[in-house]
Every structure is written in C-alpha cells, then in structure tokens.
Amino acid sequence: MNAESDERSKAAEQADPASATGEPDRAERELGSRAPGFIKASRALHLSWQVGVFVVGLGVVIAGVLMLVLPGPGWLVIFGGMAIWATEFVWAQLVLRWTKRKVTEAAQRALDPKVRRRNIILTTVGLVIMAVLVGIYVWKFGLTMPWKISE
C-alpha cells in the first residue's frame, strides 16, 4: 500500500490544480471519489455508493473476462469496468492512467517509420509463409476437405 500512497502524492504534486478556464485538466484530474456532494456528506451513504460502484464494476469486468473466451469485445469491456471503478477508487484511477500512458506510447512507437517498415516486412513474410503452406497442402491433398462432406 505504500507504493500506492507514494504514487498518489507524486500525482498530486505533479497535477496542475486548474487550467486557464479554472477547471482541472481532464487528463490529470485529482485522485479520489467523484460521487456527488450529498453522497459524500453521509459516511453510510458514501460507503453504500462505493459498494454499489464496486459491484457494478465487478459485473462489467467479469463479463469482459468471459468475453475473452466467448465472442465479444473482452478487453474493451474490461477497461469499461475499470473506468466504472475509477469513478470511485484511487487504485483504479492509477491503473487507468498507467494504461492510457502505455497505450499512447505504443501508438506513437507504431507510427515510427522504422517500426512501420518492420511490421510491414514481418506481415509480408508471414503471408508468404502461409501461402506456401496452403500451396503445399493443395499440391499434396488437392482441394478435398480433410473430412468427408458427403456423409
């Protein structure tokens, strides 16, 4: 838990409290609950709010995990559940910030001309290998399927 509190204090020090418009920057919002003020005013109401957010987020994350093996956009749904949790929990906000940073870095690396050239070459080599394997299969077995369709 010390690492989380260290990251919290670093994020709080680095965050600009307000932009020129007077509102916090959307990318660097302060950490913490985003529950309405009347909910934060009552400890019991805020705790029940947090339990509700956790249960809803957990349901979405579980649905996303199931979609990893079943048809569906699994990772997208998992990150949606994390976003639900991030409305209330600091640890989820930190995970989402880290994820956004890594995705942005990966996107910028992918736009690098050297990396794009390498990816194009690897894709071409993979397609050539697949075409050779399909050609060998067709040459050896013909266009007959490996199972008997007539039965």
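Putting +1 on Lys and Arg Cβ atoms and -1 on Asp and Glu Cβ atoms, find which of 73, 58, 47 reaches farthest to the positive end of the dipole of the stretch 31-109.
The residue sitting farthest along the positive end of the dipole is 47.
Roll a 1.4 Å probe over the protein heavy atoms and report the accessible area of residue 38 in Å², nearest 10.
About 140 Å², ignoring ligands and nucleic acids.
Express in nm, to one decimal, how much length is gained between residue 105 and residue 121 on full extension, taking 0.36 nm for each residue of separation and deducting their alpha carbon distance.
The span from residue 105 to residue 121 would gain 3.6 nm if fully extended.
For the residue pair residue 76 and residue 90, what label-to-label distance in nm results when each label sits 7 Å from Cα along the Cα-to-beta-carbon direction?
For the pair residue 76/residue 90, the computed spacing is 3.3 nm.
Find how much the distance from residue 40 to residue 65 grows on full extension, using 0.36 nm per residue of separation minus their present alpha carbon separation; answer in nm with one decimal.
Net length gain for the segment: 5.9 nm.
The values are calculated or read from the model by the stated rules, or taken from the named source; none is laboratory data. From a predicted model like this one, the values you see are computed outputs, not experimental measurements. Counting neighbours? That spans all protein chains shown, and the Cβs are built from the backbone with ideal geometry, glycine included. Side chains included, ligands, DNA and RNA excluded: accessible areas come from the protein's heavy atoms. Shrake-Rupley method; radii C 1.70, N 1.55, O 1.52, S 1.80 Å.
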